[in-house]
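Below: one structure, written as structure tokens.
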Amino acid sequence: MLAEVFTDQRGEKRLFRIRALFLALIVILGLALIGMRLFHLQVTRHTHFTTLSDGNRIKIQPMPPTRGLIYDRNGVLLADNVPSYALTIEPEKIADLESTIAELSTLVPISELDRERFRRLLPQRRRFEGVPIRLDLSEVERARFAVQSHRFPGVEIAAELSRFYPQGLHTAHVVGYVGRINQQELERIDRSNYAGSSHLGKVGVEKYHEAWLHGHVGYQQVVVNARGRILERREEKTPVSGRDLHLFLDMNLQRDAAAALGDRRGAVVAIEPETGGVLAMVSSPSYDPNPFVGGIGFKAFAALRDDIDRPLYDRAIRGQYPPGSTIKQFIALGGLASGVARAREGKHCGGYFQLPGHSHRYRCWRARGHGSLAMEDAIVQSCDVYFYRLAHDMGIERMNKYLAEFGFGRPTGAVIAGELGGLLPSPEWKRRARNQPWFPGETLIVGIGQGAFLATPLQLAAATAAAANRGVYVQPRLVNATRSGLGEPLEPTAAQQRHLSDKDPAHWQVIIDAMTNVVEGRRGTARRIHHQDYRIAGKTGTSQVFTIGQNETYNEAEIDERLRDHALFVGFAPVDNPRIAVAVIIENGGSGGATAAPVARAVMDSWLLDQRVVPATDDADETDARSAMVARRVNE
Amino acid sequence: MPARLHIDLPLLLLLLLICALGLLILYSASGQSGEQVERQLMRLGLAFVLMIAVAQVPPVLLCRWSLPLFLLGLLLLLAVLLVGEQSKGAQRWLDLGVVRFQPSEILKLALPMMLAWYLSLRPMPPRLLDILVTSLLIAVPVLLIAKQPDLGTALLVASAGLTTLFLSGLRWRLIIGLIVLGAAAAPLAWSLMRDYQRRRVLTFLDPGSDPLGAGYHIIQSQIAIGSGGVHGKGWLEGTQSQLEFLPERSTDFIFAVLGEELGLSGVILLMLLYLAVILRGLSIAAQAPDAYSRLLAGSITIVFFVYLFVNMGMVIGLLPVVGVPLPLISYGGTSLVTLMLGFGILMSVQTRRKLLQSE
């Protein structure tokens, strides 16, 4: 009995020892398994995890470059960078956006416009980028937030350089403006170069010369902790500022041109014939570009967009108008160059022209006709029948060849964004665009600059400059020189020029004499702008907005103001040493000689005689404009 | 018989070494907070005192307390279920005015004591009836704890019970049968799990599916360990730990701090110390004079292994995230006290065997 218990005891002990040994084996196997996994992590994949670990703590932070400034030819600032403080919210760090904004609004005023802009920008922002809830914080507001900032993690005051246009609406179209980068643009731009930038050029010079103006991004390496706080700054690559641009534009002339246009809808383009430099480019009415920088409110934008006078529409480069009689001298040159017409050869005007075998009467503006006219008189008196005949004799192909040489039918390539090319109608164009055959009568209509023929004021000014240069077409351009920073040398841009095919000086003399007599001659259509101190060469034009029926007469008073003819004038001065070529269009202005020509004369007086329409800009003006703008932003 | 302090010196030295290493890592993991280290040092002191106190209690006495302690434990578990305190979505704590504690901790020792007492009174290997009774004794507290819910403790208590049963000589075909049954019951367990528990399992299977949410812990701890390499980034130099990319770095994920700062060499050192403790424990159990001491000592030792295996396995991405601390090293006092009491029992068993031999 006792022995049995004893054996049991020994058996149990042996059984336990086997089990314990088995468990020891399991323990060793388990630890070996962990050891193998550790070897895998710490030896085999060590490099991989080191990369991940560095990626956690070392962040590359972009440093945005300072945008280049834009000056006029006299060093007047057109686009400036001003320090501005915005209150930004990083949504990733905020649990309840609405209540945070509500609390913030007890510290600094936040308007419905601010909230609207915030909501609009929210889906467009990049990850971990702050979204502005308030722009242009005043010093007092900054201080008030700074005291309470500990209550608002994820809300920060961001100091940045904000674009400011001191000339306001005077340069809105030509200089353009910058705005926040949107989703479509984000897909187009070089994201690494824009890593620290929130804005880019949207319109005008700001857009076209984005590459020059923006500069190159810099980087700094920082060590951060898990909450994103920067603990240490390491190596950095400083950003390269954008280039400053010096335009040909003269701010005094620009203001005078705008003043000469007044509140009428229209455009003025003034070019220096020798260089192709754009001295003034005005589209009226205009708008203040400054609200677009921060993000214009939807209502304000809708008001501009839906305004019947279309202030956002740049008439100087995108306005395509039938050029009317302003191109007659160019067609005349084509007639001389191709040998179809001779200067002294007379053509009879009986008040209308009929194509052989057709009954349709193509009328002259002067119902009783001009009688027999040579080329010069035909231009001076703008006889339509003479040009119907010339167009008929030349044919559409030959006419187009010379008009194209003057730059019609395609953009001038002037370095500005959004320029349109007008339209030079041709049989191929009509087949392609409308699937219709060309009628002989259309050739006649092109001959007087009407019908489907469209040109922009910029094209007209450039063609007029080519006439002033007696056959040298200089591509219009805005930027005179660039420079990499203050104190650095100015680097001029190169002029692009070409010669027209007709190099016979006698032909050009005929044209220029005719244009001179338009202003200086006793029967010239623009004789009222004659000036005793210098001589002007020009050509008036009137382009039809409203088609008059075959047997109707045109009665200005009866037609709605918006359907009245556009008034045009092109010209250059002084005749013997051209320093300025001007194209003017006044929408629904009626007669070119009466409304458009005086505007051109005012621009020429300003440029040639320094005779101001408005007082010269001075610093006081600029300061006023700036404080007015700041006041408006605060009031928004 | 002269008064004698019952202590196992090899075990005591090993435990001191591990705790010293633990304090070193804790100092770094806590962001060099002297305060945390000080508080942990006080807990360790208390735990060592308790361990030595328990070591003075002869196993015969422990054996006698087994049933009452187990019943008390069950009672307190029921109390937790009814009047326990909520914390982080689980009901685990009981407030006794002076101290707040988790009754589930008691079961980590009370269950193996109970089973060792029950099985030692019967012939081994146990008969079917005994197995059924034992299974019931395991299932009741485990389910009560799992319901709190506290999966980590339930796992440890269950492993304590099952180890005791295994050591008692449970026949192999029964063991295999149980494993098959367990595999079959897996879908049932899945249906009983809470949402957050299921998510943990899913995250374990594919941590990349939610790198900023539930998968963040696992990904960051593996980055910490992997970037540590063989020699580590140096003490106090771990970027994952010091820059706070590693969550829970002084508690459940402290192993990752060790792996990052001291590398594979530091990790292997700790594993060797742990292995030495386990082998010492198993050797104490194997040499124990009576069945009760054997079963209890063996079970306590294996539970210690389960602790560290589950914790390490979790931190290195071998096992799903279960709230089990790294024994003797993680910041915190609750499990530390239970563990040290267990080592006290081991010492009691060891020193009584010597006495028996010397008589």
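Give the residues of the range B:59-85 whose amide nitrogen is closer than 18 Å to a point set 7 Å from the Cα of B:V133 in the direction of its Cβ.
What the label zone holds, given the 18 Å backbone N cut-off, is B:63-72.
Note the angle between two axes, namely the Cα long axis of helix A:384-394 and the longest principal axis of the Cα atoms of chain A, as a number of degrees from 0 to 90, rounded to the nearest 10.
Long axis of A:384-394 versus the principal axis of chain A: about 70 degrees.
From the helices alone, meaning DSSP H stretches of at least four residues, give me the mean residue ellipticity at 222 nm for the protein assembly as shown, per-run term -39500 (n - 2.57), in deg cm²/dmol to the nearest 500.
Rounded to the nearest 500, the figure is -16000 deg cm²/dmol.
Rounding to the nearest 10 and keeping the result within 0 to 90°, find how far the Cα-based axis of helix A:328-338 lies from the longest principal axis of chain A.
For A:328-338 against chain A, the angle is about 80 degrees.
Once Lys and Arg get +1 and Asp and Glu get -1 on their Cβ, which of B:F245, A:S606, A:A32 lies farthest toward the positive end of the dipole of the protein assembly as shown?
Projecting each Cα onto the dipole axis, the largest value belongs to A:A32.
Could you tell me which of A:Q320, A:A195, A:G449 has its Cα farthest along the dipole of chain A towards the positive end, charges placed at Cβ (Lys, Arg +1; Asp, Glu -1), taken about the Cα centre?
A:A195
Output the pairs from A:K93/A:K237; A:K59/A:K93; A:K59/A:K207; A:K93/A:K202 with a Cα-Cα distance over 25 Å in this structure; if there are none, say none. The partial results should precede the final answer.
Working: A:K93/A:K237 29 Å; A:K59/A:K93 18 Å; A:K59/A:K207 31 Å; A:K93/A:K202 31 Å.
Too far apart for the 25 Å limit: A:K93/A:K237; A:K59/A:K207; A:K93/A:K202.
Run the numbers on the range B:57-192 and let me know its relative contact order in percent, using alpha-carbon pairs under 8 Å that are six or more apart. Working shown, then result.
Working: 124 pairs, mean separation 31.8, N = 136.
Reported as a whole number, the value is 23 percent.
Where does each of A:I296, B:I179, B:I145 land when they are ranked from fewest to most other beta-carbon atoms within 10 angstrom?
Numbers: A:I296 22, B:I179 10, B:I145 28.
With the sparsest Cβ surroundings first, the list reads B:I179, A:I296, B:I145.
Could you order peptides A:519-528, A:380-389, B:311-320 by the average number of other Cβ atoms within 10 Å of their residues, highest first?
Values: A:519-528: 19.4, A:380-389: 25.9, B:311-320: 21.9.
Per-residue Cβ counts within 10 Å, averaged per peptide and sorted highest first, yield A:380-389, B:311-320, A:519-528.
Evaluate peptide B:274-283: per residue, the Cβ atoms of other protein chains within 10 Å of its Cβ; return the mean as an integer. It would help to have the intermediate numbers written out before the result.
Numbers: counts 2, 5, 0, 0, 6, 3, 0, 3, 7, 2.
The mean count of partner-chain Cβ atoms within 10 Å per residue comes to 3.
Step through the table entries B:K108/B:K147; A:K328/A:K401; A:K503/A:K539; A:K347/A:K430; A:K328/A:K539, compare each Cα-Cα distance with 19 Å, and write down the pairs that go over it.
On the way: B:K108/B:K147 16 Å; A:K328/A:K401 14 Å; A:K503/A:K539 22 Å; A:K347/A:K430 30 Å; A:K328/A:K539 8 Å.
Over 19 Å Cα-Cα: A:K503/A:K539; A:K347/A:K430.
Going by how many other Cβ atoms sit within 10 Å of their own, how do A:E274, A:E92 line up, fewest first? Write down the numbers at each step before the final one.
Values: A:E274 16, A:E92 11.
Fewest-to-most ranking of A:E274, A:E92: A:E92, A:E274.
With label points built 7 Å along Cα→Cβ from the Cα atoms of A:R151 and A:V614, find their separation and express it in nm.
Result for the modelled spin labels: 4.6 nm.
Over the range A:62-247, what is the relative contact order in whole percent, taking alpha-carbon pairs under 8 Å and six or more residues apart? Let's see the in-between values first.
Details: 315 pairs, mean separation 64.1, N = 186.
Rounded, it is 34 percent for the range A:62-247.
Report, in degrees rounded to the nearest 10, the 0 to 90 angle that the Cα long axis of helix A:2-39 makes with the longest principal axis of chain A.
Computed tilt is about 20 degrees.
How crowded by other chains is A:43-52, given as the mean number of beta carbons from other chains within 10 Å of each beta carbon? If you can, show how the numbers build up before the last one.
On the way: counts 5, 1, 4, 8, 3, 3, 10, 7, 3, 9.
The per-residue average across the peptide is 5.
Taking Cα pairs under 8 Å and at least six residues apart, what relative contact order does chain B come out at, in percent?
Details: 507 pairs, mean separation 94.0, N = 359.
It rounds to 26 percent for chain B.
What average count of beta carbons from other chains do you get within 10 Å of the Cβ of residues in B:162-170? Don't jump to the answer; show the numbers that get you there.
Details: counts 0, 2, 0, 0, 4, 6, 4, 7, 1.
Across the residues of B:162-170, the mean count of other-chain Cβ atoms within 10 Å is 3.
Given +1 on the Cβ of Lys and Arg, -1 on the Cβ of Asp and Glu, and no further charges, what dipole in debye does the protein assembly as shown carry about its Cα centre, rounded to the nearest 20?
Numbers: 102 positive and 91 negative charges, 669 e Å.
Around 3220 debye, computed over the protein assembly as shown.
If you rank A:D502, A:D256 by fewest surrounding Cβ atoms within 10 Å, what's the result? It would help to have the intermediate numbers written out before the result.
Working: A:D502 18, A:D256 26.
Exposure proxy ranking, most exposed first: A:D502, A:D256.
At 18 angstrom or more along the helix axis (alpha-carbon based) and mean Kyte-Doolittle of 1.0 or higher, what helices does chain B contain? Whole DSSP H runs only. If you can, show how the numbers build up before the last one.
On the way: long enough: B:9-29 (29 Å, 2.70); B:34-55 (31 Å, 0.93); B:59-83 (34 Å, 2.37); B:103-120 (25 Å, 0.92); B:128-146 (26 Å, 2.62); B:151-167 (24 Å, 1.85); B:172-192 (29 Å, 1.72); B:215-228 (20 Å, 0.39); B:254-287 (39 Å, 1.79); B:291-315 (36 Å, 1.57); B:334-358 (37 Å, 0.68).
The answer, listed by residue number, is B:9-29, B:59-83, B:128-146, B:151-167, B:172-192, B:254-287, B:291-315.
Please compute the modelled spin-label separation between A:R410 and A:K93, points set 7 Å along Cα→Cβ, answer in nm with one decimal.
With each label point 7 Å from Cα toward Cβ, the separation is 5.4 nm.
Peptides B:256-267, A:172-183, B:153-164: what's the order by average Cβ count within 10 Å, highest mean first?
Values: B:256-267: 25.9, A:172-183: 22.3, B:153-164: 24.1.
Output ranking for B:256-267, A:172-183, B:153-164: B:256-267, B:153-164, A:172-183.
So for the range B:91-200, taking the charge dipole from beta-carbon charges (+1 Lys/Arg, -1 Asp/Glu), which of B:M113, B:A183, B:T163 sits furthest toward the positive end?
B:A183
A short reminder: the numbers here are calculations on the coordinates, not readings from a lab. A quick note: this is a predicted structure, and the numbers were derived from the prediction, not measured. Positions of Cβ are backbone-derived with ideal geometry, glycine not excepted, and every protein chain shown enters the neighbour counts.
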